[in-house]
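*Asks:* First, the structure itself, so that you have it in front of you.
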Amino acid sequence: MQLEEKVAAVTQVFEGLDQQIANFQSATSLHCKAGCGKCCFKPDIEATILEFLPFALHLYKQKQAEQWLEKLSQIDSSICLILNPTQAGAGLCTEYPHRGLICRLFGYSARTNKYGSKELVTCQVIKTEQTEAYNKTVEMISKGLRFL
Ligand code: SF4
């Protein structure tokens, strides 16, 4: 598969996922706190090359790839390169449309636990500040509700 095809395939997955997350938010009322970005400051977040391939191709097409590579070699690599803690507005991500899979899923994913049941995986901010909606969602998921 050529690079452009890979990027198109990843972008398609992201578009489908964004729609599913929107459905989930609408069904549960769970949402990120405006301007939060607390999860972006975690230093140990791992991401794959594939999920940032659309961003890399974007930079290459904009002739900014080398400039960003240089930036990458100069900064504290434990902090996300596209995070701007002082950015005004709704969020702190400078490349929100190009964010990776981990960024899209944070707060809105689920896993199968050791008992074979599905459980919601979300952040402390959502758990503690949207407790009622969180508990309702946990119950909905335990009853097998899917958000597709
Ligand atoms: S997932 Fe949680 S910590 Fe991250 S931005 Fe949303 S509310 Fe904040």
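Rule-based calculations on the coordinates, nothing more; no lab input. Not measured: the values here are computed from a predicted model. A quick note on method: Cβ atoms are made from the backbone with ideal geometry, for glycine too, and the neighbour counts reach across all protein chains shown.
*Asks:* As I understand it, the dipole of the chain uses +1 on the Cβ of Lys and Arg and -1 on the Cβ of Asp and Glu, about the Cα centre. Which of 124, 134, 59 lies farthest toward its positive end?
*Replies:* Result: 134, furthest along the dipole toward the positive end.
*Asks:* Now for a separate question. Mind jotting down the distance between the C-alpha centroids of region 44-65 and region 125-144, whole Å?
*Replies:* What the calculation gives is 33 Å, centre to centre.
*Asks:* Be a star and scan region 12-33 for residues whose amide nitrogen sits under 14 Å from the point 7 Å along the Cα-to-Cβ vector of residue 133.
*Replies:* Zone members listed by number: 21-33.
*Asks:* Given a cut-off of 23 Å, name the pairs among 114/143; 38/114; 38/143; 6/114 whose C-alpha atoms lie farther apart than that in the structure shown.
*Replies:* Working: 114/143 17 Å; 38/114 28 Å; 38/143 30 Å; 6/114 34 Å.
As for pairs spanning more than 23 Å Cα to Cα, those are 38/114; 38/143; 6/114.
*Asks:* I would also like to ask the following. For the charge dipole of region 3-142, defined by +1 on Lys and Arg C-beta atoms and -1 on Asp and Glu C-beta atoms about the Cα centroid, which residue among 22, 7, 112 has the Cα displaced farthest towards the positive pole?
*Replies:* 112
*Asks:* Just order 137-144, 48-55 by mean Cβ neighbour count inside 10 Å, highest at the front, would you? Display every interim value, and only then the final one.
*Replies:* Working: 137-144: 13.5, 48-55: 16.2.
My ranking of the peptides, most packed first, is 48-55, 137-144.
*Asks:* Could you give the nm distance between label points at residue 84 and residue 18, where each point is 7 Å from its Cα heading toward the beta carbon?
*Replies:* About 1.9 nm separates the two model spin labels.
*Asks:* Based solely on its DSSP helices, what 222 nm [θ] is calculated for the chain when runs of n ≥ 4 H residues each add -39,500 (n - 2.57) and the sum is averaged over all residues, nearest 500 deg cm²/dmol?
*Replies:* The per-residue figure over the chain is -14000 deg cm²/dmol.
*Asks:* For the chain, divide the Cα radius of gyration by the Kirkwood radius and give the resulting Rg/Rh value with two decimals. Show your work: numbers first, answer last.
*Replies:* On the way: Rg = 17.1 Å, Rh = 17.1 Å.
Using only Cα positions, Rg/Rh for the chain is 1.00.
*Asks:* Excluding residue 101 itself, calculate the net charge of residues whose Cβ lies under 13 Å from the Cβ of residue 101, where each Lys or Arg counts +1 and each Asp or Glu counts -1.
*Replies:* Numbers: positive: 99, 104; negative: 15, 18, 46, 51.
Neighbour charge sum, excluding residue 101 itself: -2.
*Asks:* To the nearest 10 degrees, how steep is helix 65-74 against the longest Cα principal axis of the chain, on a 0 to 90 scale?
*Replies:* Rounded to the nearest ten degrees, it is 80.
*Asks:* Further question: Calculate, for residue 143 and residue 96, the FRET efficiency according to 1/(1 + (r/R0)^6) with r their C-beta to C-beta distance and R0 41 Å; round to the nearest 0.05.
*Replies:* On the way: r = 33 Å, r/R0 = 0.81.
E between residue 143 and residue 96, to the nearest 0.05, is 0.80.
*Asks:* If the reach is capped at under 12 angstrom between alpha carbons, list the aspartates and glutamates near residue 33, excluding any in the same chain fewer than eight residues apart.
*Replies:* Partners found: 129.
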